[in-house]
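> If you scroll down you'll find the structure; I have some questions about it.
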Amino acid sequence: MNDNIEHAYQEWSKQPNLPENIVLDLKQLKNDPDKQEDAFGTFLSFGTAGMRGIMGAGTNRMNIYTVRQAAEGLASFMDTLDEATRKRGVAISFDSRYHSKEFAHESAKVLGYHDIPTFVFDDIRPTPELSFAVRHLHTYAGIMITASHNPKQYNGFKIYGEDGGQMPPKESDLITSYIRKNSDLFAIHVKPEQALREAKIMNLIGEDVDIDYLDNVKTVNIDHNLINTVGKDMKFVYSPLHGTGKVIARRALEEAGFSNYVVVPEQTIADPEFPTTPFPNPEFPQAFDLARKLGKKVSADVLIASDPDADRLGAAVRQPDGSYQLLSGNQIASVLLNYILSAKKKAGSLPDNGTIVKSIVSTDLAVKIAADYGVATNNVLTGFKFIAEAIHHYETKHDHTFLFGFEESFGYLIKPFVRDKDAIQTVLLLAEVAAYYKSQGKTLYDGVQEMFKKYGYYAEKTIAKEFDGLDGKDKMAHIMSELRDNPLTEFNGHKVISHADYASSTLTDRDGQQKPIDLPKSNVLKYWLDDETWLAVRPSGTEPKVKFYLEVVDKNQEAVDAKLASDVDALDKVIEQLVKN
């Protein structure tokens, strides 16, 4: 084992007053050099999306010391700002995971040592409400302690900017540089919480912000008469998957007039063990197992679930045979978009300069829907902060009106009083859309099929290849390098007609002609084929994975399913070859 790793382990082991969970973890690592190497061989990566990792002892783990290091980086950066800006302070929220509240309070104690005010939620709250709180309280920054939809072993630390979106790259890079300067994790100062409370530097918030957030959420629904006549009696199931949605979503639904829904009781307990599902992720069918049972029992039209920090949302709809069909993130986004635009057109409130914003790896079905209503589409890099930046631009320049934003990974934003994915807003609008189709004797799935018949049948698949261990980053970099050195010219019998390298900001056509891409540089490759298929490759910003995205389109469901299956097989072979190389 590396001497540096052994030294780091020993340094941690001899520290006084270590938390009990850290002491226990160090004992378990004592005779396991491989795990020691993983825990102490590097530092947790801190990027534009913050940091996320397994909880435990070590520099490559989420614990109070790495959290303090991140908070110290933010504090050191804020110390360079003018006093009025610095004194606006930081809003802090946390989810239902192990140590989330502790990490939130440790962050406040570090910031408080720098005399930076904090506004800490009194209990678990959703990520979108933290985004709202930053804007509502006019703080300079926000911290959200969450690992979103990851398994129970994980936690994370996300920093938000003053617009309520994730901290922009420029400021995030500066904060990262300050984080790295504080390499001695045990030398970071904290101030006692009681002293901070007495001095009103650390302040608790809760119901006061809830009320204002919910007042804004009330503006999301479009057809209140529809809710009053059909929605109030429509039966659907909601699950917060043991997370923060239990706090706000139920109040939002009831205040909107949806009074006939039921919750999954076992998953309405804020339990950090996530005992009913190992992956509390509404992208996964397993997350709906209990909702399906309850749905069949009460004859629910729709099943809706939000992830533990309530920024992502998934849904399943009842079929004629009584089973439930899980919708993809792209399908949910498309049916929401179609309803928003048609309802606004019907009401005469569709603006002439309307635009939607989506990530470059999200469905082109939305592009067709938007164009049909005379609405523009703005494609941005993956990461909701880029959608937030676009909204800020529209509000500043007054050249477009934001109508909807989404990412294929089950994240949607309807109204921009929040600048991140918002499952609370989405659960209200999705329930309204379900009521709209129910009023016509149809389901949400029927709505999706109607769109397919009109615009083409779309299907997609995301394959995530994991690369754990210290050499994981090198393997991921090698795959991207291999694709750049040997660009795809064809895929599964179809020619590549153009490809984009977002790291060099260039779009290259089949003749080799290049055009610039007006987006920030990012480590993403995308290929367009001659049959409207596209393929994209990008390393995850928060997990040790390379993600391969595939979208196909065809004339009917049978054809598109067959095309997707064939392309997935071809993609598996491409991935296998890339890993071998």
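> From zero outward in steps of 5 Å, how is the percent of C-alpha pairs of region 83-239 spread across the bins?
For region 83-239, the binned pair fractions read 2, 8, 15, 19, 19, 14, 8, 6, 4, 3, 2, 1, 0 percent.
> Oh, and also: Place the peptides 547-556, 148-157 in order of packing, highest mean first, counting for every residue the other Cβ atoms within 10 Å and averaging per peptide.
148-157, 547-556
> Add -39500 (n - 2.57) for each DSSP H run of 4 or more in the chain, then divide by its residues: what number comes out at 222 nm, to the nearest 500 deg cm²/dmol?
Value at 222 nm, helices only: -13000 deg cm²/dmol.
> While we're on this one: Can you work out D for region 380-445 in µm² s⁻¹ from Stokes-Einstein, where Rh is the Kirkwood radius over C-alpha pairs, the temperature is 4 °C and the viscosity is 1.567 mPa s?
This corresponds to a translational diffusion coefficient of 98 µm²/s.
> How are the C-alpha pair distances of region 331-443 spread across 5 Å bins, as whole percents from the shortest bin up?
2, 12, 23, 25, 23, 10, 3, 1, 0
> Go through Val247, Val433 and list them by solvent-accessible area, largest first, probe radius 1.4 Å.
My answer, sorted largest first, is Val247, Val433.
> Give, in nm to one decimal, the length gained when the segment between Gln15 and Arg197 is fully stretched (0.36 nm per residue of separation minus the Cα-Cα distance).
62.7 nm
> Give the carbon-plus-sulfur fraction of the accessible surface of region 138-271 in %, rounded to a whole number; probe 1.4 Å, heavy atoms of protein chains only.
50 percent
> By how many nm would the segment from Ile575 to Asn216 lengthen if fully extended, with 0.36 nm per residue of separation less the alpha-carbon distance?
Length gained between Ile575 and Asn216: 124.7 nm.
> Would you list, by chain and number, the lysines whose Cα falls below 22 Å from the Cα of Lys438, excluding same-chain residues fewer than 8 positions away?
Lys218, Lys232, Lys235, Lys293, Lys296, Lys297, Lys344, Lys345, Lys346, Lys453, Lys454
> For the pair Ser259/Ala559, report the inter-label distance in nm, with labels modelled 7 Å from Cα in the Cβ direction.
Those two pseudo-labels are separated by 4.9 nm.
> Sorted by average packing, counted as other Cβ atoms within 10 angstrom per residue and highest first, what order do 235-243, 365-373, 353-361, 473-481 take?
235-243, 353-361, 365-373, 473-481
> Output the Cα-based Rg and Dmax of region 329-370 in Å, rounding Rg to one decimal and Dmax to a whole number.
Over region 329-370's Cα set, Rg and Dmax evaluate to 10.6, 32 Å.
> To the nearest 20 Debye, how big is the dipole of the chain about its Cα centre, given +1 on the beta carbon of each Lys and Arg and -1 on that of each Asp and Glu?
Dipole magnitude for the chain comes out near 780 debye.
> Using only Cα atoms, figure out Rg for region 457-567 and give it as a multiple of 2.2 N^0.38 Å. Before the final figure, lay out the partial values.
Working: Rg = 14.9 Å, N = 111, 2.2 N^0.38 = 13.2 Å.
Expressed relative to 2.2 N^0.38 Å, the Cα Rg reads 1.13.
> Using the Kirkwood radius over C-alpha pairs as Rh, can you work out the diffusion coefficient of the chain via Stokes-Einstein at 20 °C, viscosity 1.002 mPa s, in µm² per second? Don't skip to the answer; put the middle values down first.
Working: Rh = 24.9 Å.
Result for D is 86 µm²/s.
> Can you tell me the length gained on complete extension of the stretch His189 to Lys35, counting 0.36 nm per residue apart and subtracting the Cα distance?
Numbers: separation 154, 0.36 × 154 = 55.44 nm, distance 2.87 nm.
Working it through step by step, the gained length comes to 52.6 nm.
> Still on this model: Which semi-axes, in whole Å and largest first, does the equivalent ellipsoid of region 285-362 have when worked out from the alpha carbon gyration tensor as the square roots of 5 times its eigenvalues?
Here the semi-axes work out to 29, 16, 10 Å.
> Shape of region 384-511 from its Cα gyration tensor (a ≥ b ≥ c, root eigenvalues): rounded if a/c is under 1.5, otherwise prolate when a/b > b/c, or oblate?
On the way: a/c = 1.87, a/b = 1.52, b/c = 1.23.
Since a/c reaches 1.5 and a/b is larger than b/c, the shape of region 384-511 is classed as prolate.
> Given Tyr65, Ile575, Phe279, which one lies farthest toward the positive end of the charge dipole of the chain, if we put +1 on the Cβ of every Lys and Arg and -1 on the Cβ of every Asp and Glu?
Going by the Cα projections, it comes out as Phe279.
> Quick one: in region 182-221, what % of C-alpha pairs are over 17 Å apart? Before the final figure, lay out each step's value.
Numbers: 474 of 780 pairs.
Looking at region 182-221, the distances longer than 17 Å represent 61 percent of pairs.
> For region 107-173, what does the convex hull of the Cα positions come to per residue, in cubic angstrom? Display every interim value, and only then the final one.
On the way: hull volume 7.6 nm³, N = 67.
Hull volume normalised by residue count: 113 Å³.
> Counting pairs of Cα atoms in region 1-138, how many percent are more than 19 Å apart? Could the numbers behind the result be given before it?
On the way: 5370 of 9453 pairs.
The proportion of pairs with Cα distances above 19 Å equals 57 percent.
> Which order do peptides 13-19, 77-83 fall in by mean Cβ count within 10 Å, highest first? Show your work: numbers first, answer last.
Working: 13-19: 11.4, 77-83: 13.0.
In descending order of packing, they fall as 77-83, 13-19.
> Per residue, how big is the convex hull around the C-alpha atoms of region 216-338? Give it to me in cubic angstrom, could you?
Convex hull of Cα atoms, per residue: 108 Å³.
> For region 141-215, just the Cα set please: Rg and Dmax, both in angstrom.
Radius of gyration, then largest Cα-Cα span, for region 141-215: 15.9, 45 Å.
> Once both labels are modelled 7 Å past Cα along the beta-carbon direction, what's the Asp173-Asp352 spacing in nm?
Between Asp173 and Asp352, the simple spin-label model gives 4.0 nm.
The values are calculated or read from the model by the stated rules, or taken from the named source; none is laboratory data. Predicted model, so just to flag it, every value in this text is computed and none were measured. When we count neighbours, we look across all protein chains shown, and the Cβ atoms used for this are built from the backbone with ideal geometry, even at glycine. These accessible areas exclude ligands, DNA and RNA; they are computed on the full protein's heavy atoms, side chains included. Shrake-Rupley method; radii C 1.70, N 1.55, O 1.52, S 1.80 Å.
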